[in-house]
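Data block below; observations after.
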Amino acid sequence: MTRSRPREFRFIPVAAAAERLGLSVNTVKRRVDAGILRGYQDPVNGYYSVAEQSVDELLRVRQALQRSAALPGAQPPRKEWAKRPVPSGR
């Protein structure tokens, strides 16, 4: 998806965003195209740029999820649930 560059955000190269997020460059590009990360693809050269604010926001959300997973009562899925066969209904 090609978007014009909004003026109110500071943009960083997609490689810098990928490094900060611990993702591949292609994953960051897909997330920009999907609207998960705010960014744009330059219509002239095709390069992607990502709003630094969007990267910071995603990092904050990740940290919040990690903290909530560490709260008492938060349990990882039990292995026996994943191995339970699905009834066929017959």
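The values are calculated or read from the model by the stated rules, or taken from the named source; none is laboratory data. Source: prediction; values computed, not measured. We place every Cβ from the backbone using ideal geometry, glycine too, and count neighbours over all the protein chains shown.
Among residues belonging to the stretch 18-33 that are touching a strand residue (DSSP E or B) at 6+ places or on another chain (Cβ under 7 Å) and among the hydrophobic types (A, V, I, L, M, F, W, C), point out the one that is surrounded by the fewest Cβ atoms within 10 Å (Cβ to Cβ).
Filtering first and then ranking leaves V32.
So, in the stretch 34-56, exactly how many residues are of a type outside the set (S, T, N, Q) and either surrounded by 15 or more Cβ atoms within 10 Å (Cβ to Cβ) or touching a Lys or Arg at 6+ places or on another chain (Cβ under 7 Å) (or both)?
Number satisfying all stated conditions: 9.
Go through the residues of the stretch 7-29 one by one and say whether even a single one is out of contact with any Asp or Glu (no Cβ under 9 Å at 6 or more places or on another chain) and modelled with pLDDT under 95.
yes
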